[in-house]
1. Compute the relative contact order of the range 422-493 as a whole-number percentage, counting only Cα pairs closer than 8 Å that sit 6 or more residues apart in sequence.
2. Under a crude label model (7 Å from the Cα following the beta-carbon direction), how far is Asn538 from Lys240 in nanometres?
3. What net charge do the residues around Ala359 carry, taking every other residue with its C-beta under 11 Å from that of Ala359, with Lys and Arg at +1 and Asp and Glu at -1?
4. Treating the angle as unsigned and between 0 and 90°, give the value, to the nearest 10°, between the Cα long axis of helix 74-87 and the longest Cα principal axis of the chain.
5. Assuming R0 = 30 Å, can you tell me the calculated FRET efficiency for the pair Met466 and Lys157, based on Cβ-Cβ distance, to the nearest 0.05?
6. Given a Förster radius of 30 Å and the C-beta distance between Arg605 and Asp24 as r, what FRET efficiency does 1/(1 + (r/R0)^6) yield to the nearest 0.05?
7. Lysine pairs, Cα distance under 28 Å, 8 or more residues apart or cross-chain: how many in the range 656-756?
8. What is the spin-label model distance, in nm, from Glu74 to Glu3 if the labels are put 7 Å beyond Cα along the C-beta direction?
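All of the numbers you see were taken from the coordinates with simple rules; none came from a lab. Bear in mind the structure is a predicted one, so any value in this text is a computation, not a measurement. We place every Cβ from the backbone using ideal geometry, glycine too, and count neighbours over all the protein chains shown.
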Amino acid sequence: MKEVKKIALAALLHDIGKFAQRADIPLREPFQKGEYGYKHSAYTAQVLQDYFNDIEGYHQYAFEHHIVGPTSDEESWIVAAADRLASGFEREEFEEYNTQQEDFRRQRLMGIFDESKRHAIAPLGVDTIFATDQKPKGNEENEYKSLWDGFVGELEKLYNASGTQSTDLLALEYLLKKYTSFIPSATTFKGKYKPLKANIPLYDHLHATALFAAAIAALSPARRKEVIEYYRFKDKEPPKGSFLLLNGDFFGIQQFIFNDIETKAAAKVLRGKSAFVQILSRTIALHIVKETGVGPLGIISEAAGKFEILLPNEPAVVQKLHRLKQKLDSYFVRSFFGETGVGLSWIECGIEDFIKKGAYQKLRDRLAEEVEKVKLRKFSLHERSYNIAWEKGLSNANQCFACKKRIGKKRHDVEKLVCDSCYRYILIGKHLAKPNFMRISYQKSDIEIFEGYYLDFPQKAHIDDMSVALYDIAIDEEFRGYPKWEIGAYVATDENGAIVTFEELAKRSVKEGIKEGKREFGVEALMSLKGDVDNMGNFLRKQSFGSFAKYNFFSRLMDYFFSVYVPHLMRKKYPNTYTVFAGGDDLFVLGAWDETIELAKEVRRDFMRFAQGSGLSFSVGMVMSKPTKPISFIAEWSEKALENAKEMSGKDAIFLFGETIKWDEYFQEEQECGVLDHYQTTAFFYRLLELSDMSKRAWQGNPQGTMWKSKLRYMFARNIDPKFMGDLAVLDKLIERHPQKMRVCLSEYIYKRRKA
């Protein structure tokens, strides 16, 4: 079918009338009298006529999804089938309707983690991802009205921007995600229907309907008919294996980002490498949907170097996937020496996998198993062999200073020799430090992403027939007619906008110790922060996300917290930090050591507020180091530190200064250690550190360690001002109860006050 994209677009907009209806916009007379099945379908018809004339002729496919019949067009049935398939098991009924009925114009979306919480009726943003106990505003105000006005205003900017059908589609999807992420797709009500939970965002229902419509429309006529007739004639059995669920996984990310990077080059190269993982993953996903004919709305999700796509299960599609798999394997062996790659995994699935209770979780388990199998068969080495082609003439004298694997070249903006591959990461990092627009295209540039795909960063939006996608990567909330991509994350920069070196970041530690540009006290060092979410597998099994749309909502909200919210926090409050990687459910940050500790504490507090009621937690491994340490060494240390934190019973822990502590105990200990503010001499802190070690040995059964108590009393009686004698009991209690935790607090005090 040639019009797959337009069918998918009609499906993407099939319930846009729900948004307009809740905003209470006037419904004109022609639409009041028409046959639409539901009032929101009449609103959809009016909205499509008013704002989407560019798809005229496809309007009816969008609003007819509730009134399709035996004589309806095949296109209308595709949208109707996709709507019903997307709804699948997503509309959960209340077991007992014991909640107060709300006006649908004031209905708020239930929290994904705690359904007693509600999201504000507002655009997707760093504040609105947190569900709260906040009650709707007074009856006199319709909050959906201002949300609708914002959507329509930015829709006008989309039309004023010059684009292509594909780029406009991406921009429209972005706007829908921004404005309908916290609108319920179904509202609680009483009547002839059973009451439903308002726990699926309208965006996720629209997106799911669009990708199912694209996959159905791209099927062969015979297989497409099977799907449609299952919904047209309800006595039929659902067809099996109509679709393919595909996963792309960028494996070996840590090795790709960190290995063989010279320390002095790390700040220039790391950010570009991390961004390249995301850019390459998205480019491959866009290539797949183009080659298989489903279009960009067939992409289910993208995060942290992974993507998922729904495809039609056709022999031609499978053949294309096998060819692409071979192409990717050859590319990564040739270009990256087989140290990293993108694995493609896919499994057959059918209607029952999305609508039968419990089936979707089993589908995800099957996919995860296939992903693991592909990881164990990297580059299909069991089928063929590869010869790594090292560059002839490579020597210590001409090697690239960054990777040391290729011959380097002289560049006007780099002091040392650098190869083409590493130079692109430097260029990406530079452009991301001064973000504006980013374009993926077929037009050759200095930055090649993948064979035939290139990257450039125009100051002004520019789209032509060579463009694949254009993204607005500026760090603000303004919509300029193009989809925003928060890929820039955050890196510390100097007054000229250049990325600062790690040496400079270390020098910015303990700012109160720097007087007139010189350090008087306080250690200058880097701190790495490696963290990820605990108990994710148990949470997913416990939740048993029967809903395709609900699972996608959870995944993208989790990714938003790390990829958008945390960099926002860094930019706002922790300027001397550097995002190495942020996305999915994990985080890797470097920065001035004292500032990075404060960032870790705030991220954990905010994550627990974000995921309240879920049983999820956030563990962190932190390692302090000199900026001259090899970055690969820091990364390895950080990974081991995180493993130590996760070995704590119940997890939810921090590994810091060589000790592992539960977060709640760390916060309590930190508060109690406030008595240490009364003292300034590092000798006093070192003495307490020694006593804490003695107490730790006493806990381990060494009787000599018990002498710490008498030594502490003697120290206070001999050296401490009598007005602080009340601190003795506090410190005695801390050292006796938690000597390991006391060590962490004391280490921070010592490093902040030690003479330079």
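1. Reported relative contact order: 30 percent.
2. Label-label distance for Asn538 and Lys240, simple model: 3.6 nm.
3. +2
4. With both axes taken from Cα atoms, the answer is about 40 degrees.
5. Using R0 = 30 Å, I get an efficiency of 0.80.
6. 0.20
7. Lysine pairs, 8 or more places apart or on different chains, close enough: 28.
8. For Glu74 paired with Glu3, the spin-label model returns 1.2 nm.
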